[in-house]
Each structure stands twice: as structure tokens, then as C-alpha cells.
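Asker: Let me give you the structure first, and then I'll get to my questions.
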Amino acid sequence: MRQKFGRSLDNLQTIVSFTDQFFAQNDIDDSVRYIVDLCVEELFVNMVTYDTETDADILIEMKPHAHGVEVTLTDFDVVRFDPRDVKPVDVDAPLEQRTPGGLGLYLVSKMVSSIHYEYRNRTSKITFIADR
Amino acid sequence: MFQIGFGDAGTIIVAGRLDAAQAPKAQEFLDAITDECILDLGQLEYISSAGLGVLLRTHKRLMSDERGLKLINVNRHINDIFMYSGFDKLFEIEAAV
């Protein structure tokens, strides 16, 4: 299943509806739903927030994979940004040293089973596996 | 659908999906809080890093006056997110029964 989404946070609810439809059509364990929702949002929001020099829609594809889901987000006409290269977050730091932000891609790295990045012809493609 | 508002005895009820699109609404509401308070997350289905940022920003502001947020009725998925984020070390958290 695949669909393109405009570069707006207002489309997050539309993406949830798309994911609802995918899960309804496929026999996938509900336990991976939260992982899919969170990782798709974090990656989509990151693309919308940082890849601001393009108006191209973002393509989201989902397909069943073993005991879970394979999800790919493709961002067109953008510079290279590998989500695996983000700085680690010190989650043991005391409150006074914690600042809002920076948790999104960290959570993605912790929750997915695997994540792959490909950059070719100014197109960023991120694929992750979410499973039990 | 995301909702935030006062419940009984001044508890703040947070319900629905707290994602990046809804975070400004939550932040606007919580910015008006000046005393320690309890957030009942029993009806919160989902939170992303944007929502975590709202909680952290509010908690830090209140803790600077030795107040803070207490999070109650936290479901298993959201509790997992709190643990991955280290929020279990920053907030007083009660899991849902």
C-alpha cells in the first residue's frame, strides 16, 4: 500500500487513517501499531521540518514483513540526511540538563528492528522494519 | 482527536493523540499552569516526541519553583515511551491498573 502526503503536519491524521486502512487489510499483530505510528510520525515530521527547499509530496509505503511491517518513506529533491547519524541522547541526564527536542529520531532508533537509508539522485529513502 | 482540560479536583485530563500537530494546543494549555498538578493520561492513546517535549518543558518550568507534573493512569505503550526517553527518572509516574 502506498500514498503520497503533502508536507504539512496537518496531514498526520491522514497518515493515521492510511495506517488504519493498512492494518485493517493485513493480518498484522496490533502490538507493532504504536511503533509504526511513532516512527512514521517522527520521520515524516523530520522531513517536513528540515527539508524545506522542496514542495514535493512525501511517499509512504507499507507492506507486511514476517511478524510485522516494512515501512518506507521517500522524500524527493532534498539533501542527504541519514537518520542513523543523529547524536545519542543522554536519557540518564538530570532534569536541569534535559532540553525539549532531539528525542524523535532517538526513539525511532530504539523501537525499530532495523533501519536502512539510501540517497540517490537527490532522493532520500528510509526503510524500517517494525515487528514483535 | 486530541483534548486537554480540567477534570475533577483540578486534575488535568489529556485524551486522544498528542502528536506534533496537537503539541502547540497542549503547550498553550499547560503554559497557563502555575502550580504543581496531576495529569491523568488514562485516555491518552498516543504520544510522540513533540508531546514529550511539551511535558518536559512544562515540568522544567514548574520544577524551577519546586513544583512539577505528576503523570497518572499511564498505559503500557506510553509507559514504554517514557522509559525509552528517561522520563521515568524525571517525573513521578503511576501506571494504569
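Each value in this text was obtained by applying a stated rule to the coordinates, not by laboratory testing. This is a predicted model, so every value here is computed, not measured. Note that we place each Cβ from the backbone using ideal geometry, even for glycine, and neighbour counts take in every protein chain shown.
Asker: Short version: ³J(HN,Hα) in whole Hz for each residue of segment A:83-100, in order, from phi by Karplus 6.51 cos²θ - 1.76 cosθ + 1.60 (θ = phi - 60°), x for Gly and Pro, what are they?
Answerer: Computed from phi, the couplings for segment A:83-100 are x, 7, 8, 5, 5, x, 9, 7, 6, 9, 5, x, 3, 5, 9, 8, 10, x Hz.
Asker: Find out how many positive minus negative residues lie around A:PHE23, taking Lys and Arg as positive, Asp and Glu as negative, among other residues whose Cβ is under 13 Å from that of A:PHE23.
Answerer: Numbers: positive: A:ARG33, A:LYS63; negative: A:ASP20, A:ASP27, A:ASP29, A:ASP30, A:ASP37.
Every neighbour counted, the sum reads -3.
Asker: Another question about this same structure. May I ask you to list, by number, the DSSP H helices of chain B whose Cα span along the axis is at least 18 Å and whose average Kyte-Doolittle hydropathy reaches -0.5 or more?
Answerer: B:49-63
Asker: Any chance you could check the Cα centroid distance between segment B:12-80 and segment A:58-132 for me, in angstrom?
Answerer: A separation of 24 Å, based on Cα centres.
Asker: Right, here's the next one. For segment B:2-95, how big is the tail of P(r) above 16 Å, as a whole percent of Cα pairs?
Answerer: Pairs farther apart than 16 Å: 49 percent.
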